[in-house]
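Only one structure is covered here, and it is reproduced in the block below.
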Amino acid sequence: MLLYFWMMVQIMCESLPISSSGHVALLQSIFSKIYGEQEIIAMSQDLWAFDYLLQGVSAIIFLIYFFPYWWQLIVGKPIKISALLDRHLWTKTVSAVFLFGFAADSMTFLLWSFDLADWPSFSLAFGFMITAIVLWNIQFMHAKKDLDVWSWKHGIIVGLMQGCALLPGISRFGMTMATLQWLGYQGRLAFSISFLLQWPLIVAGSLKGFYSLRDTSILQTMWTVPFLMSMVIAACCGYALLYQVGKIIDKGLLWKFSYYMIIPIIVALLI
């Protein structure tokens, strides 16, 4: 039962700026209260890999939704194979995008090497509070003109903020969106770049999760028809949520998710 709820929460919350990992941690705490900690502890060795593997589903959702935006952002032409034959695209744009992404994800990896997610002294409720504050402040940020979209300096800043989201309860989506908009990126542009930066990381994470689970009972459970059907439903819901979030961002209302964060903050303080 835990695996089913974990899967649905992880996949659907990944499309929202509310910290999917934080909500999964809440779910784990609730199940520990109901079924006892021993059952959760017995599974804990493989649950991290299960969580990583589920990110592969999110990677597919993001690719389907963002591909047209990413294509226009990088290629800037109608979606045709011939557009990729432009020499200027590879020597100028793609190289700049790669440098931006490398700078950002390198900073994230650097912070990951410090095992931020396992810091025992960092409160989940405090992480949710940081997410709420970050989301609230998005409403005060404005787009700048003549912005160097693929500045490697911006990449470093965004990567550091993305790395901070490794701490429990801090939303990666929320942190990168707020950082990009603070740097002057327009809402839809920041939305696309935020997930473009995340995409290689979650693909790599899902492959690592699959490798770690290859001989476990968890992977066998995932290949059952009921679980696969539940995963497809969760993926469809995740896509629908992502679509709605895009419309909310276009209206400049992403900051209103800060109101929702009051709920997980209270729950985290009570359990």
**OP:** Working only within region 162-196, note down all residues that are in a helix (DSSP H, G or I) and among the aliphatic types (A, V, I, L, M).
**Re:** Met175, Met177, Ala178, Leu180, Leu189, Ala190, Ile193, Leu196
**OP:** Search region 200-229 for residues being closer than 24 Å to Phe66 by Cα and surrounded by 18 or more Cβ atoms within 10 Å (Cβ to Cβ), and hand back the single one that is farthest from the chain's Cα centre (by Cα).
**Re:** Gly209
Subject >> Failed criterion for Lys92 (all others in (1) touching a helix residue (DSSP H, G or I) at 6+ places or on another chain (Cβ under 9 Å); (2) part of a helix (DSSP H, G or I); (3) modelled with pLDDT under 95 hold) >> reply: (1)
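The values are calculated or read from the model by the stated rules, or taken from the named source; none is laboratory data. Model, not experiment: these values are computed from the prediction. Positions of Cβ are backbone-derived with ideal geometry, glycine not excepted, and every protein chain shown enters the neighbour counts.
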